[in-house]
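The values are calculated or read from the model by the stated rules, or taken from the named source; none is laboratory data. Treat the numbers as computed from the prediction; the structure is a model and nothing was measured. Cβ atoms come from the backbone with ideal geometry, glycine included; neighbour counts cover every protein chain shown. These area figures cover heavy atoms from the full protein model, side chains too; ligands, DNA and RNA do not enter into them. Shrake-Rupley method; radii C 1.70, N 1.55, O 1.52, S 1.80 Å.
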Amino acid sequence: MTARGAIALALVATLAGYVLTALLGVEQIVGAAFVVASTLGVLLVNRRELLSLVVTPPLVFFCATLFVELGRAFGSVSIVQSLTLGLYTSLTRGAPWLFAGSAIVLGVAWRRGLRDNVRELREELKAGAEVSRPRQQPFVPEPEGYFEPKVYGTPRGED
């Protein structure tokens, strides 16, 4: 699985968790869906894409929460106030799940070879810094009179 696929899996599972929470009234479903999907994603992703996946769980959780709270806010009188309060409440309620999911993803990715990905990235960045880049030419102003109109030929009265 690619990192994009794992990210999409976590996003869809978190959104499905919000739907199930709305239907069943059990608030822990969202967090559990997020943690399970994030763990499944890090277990199935290609090893070379672990670095891309490790940084995304907080963003995935925030985007899913923002999407759900935007939907809830459109039905209220004050959209901004409802969105702000809803985001604060949902993110506060989901913080333990977010931290647990992020820690599990980081731990599993570390065991699967995240250290090697970080080492390769450092080597690539170091090699890129050592390559000499051609120097740019310094600014050379145009010769004087460049922007003055040029007159070609002879004046009309002298033919």
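What's the FRET efficiency of residue 27 with residue 4 using the Cβ-Cβ distance as r and R₀ = 30 Å, to the nearest 0.05?
0.55
Go through the stretch 34-50 residue by residue and turn each phi into a ³J(HN,Hα) via Karplus (6.51, -1.76, 1.60, θ = phi - 60°); whole Hz please, and just put x for glycine and proline.
Each residue of the stretch 34-50 in turn: 5, 5, 5, 5, 5, 5, 4, x, 6, 6, 9, 6, 4, 4, 6, 10, 5 Hz.
Residue by residue, what Karplus-based ³J(HN,Hα) values in Hz, rounded to whole numbers, does the stretch 70-77 have, using 6.51, -1.76 and 1.60 with θ = phi - 60° and x for Gly and Pro?
5, x, 5, 6, 5, x, 9, 6
Rule-of-thumb check for the stretch 1-119: C-alpha Rg over 2.2 N^0.38 Å?
Relative to the rule-of-thumb radius for its length, the stretch 1-119 sits at 1.12.
In what sequence, largest accessible area first, do 18, 88 appear using a 1.4 Å probe?
Order by accessible area, largest first: 88, 18.
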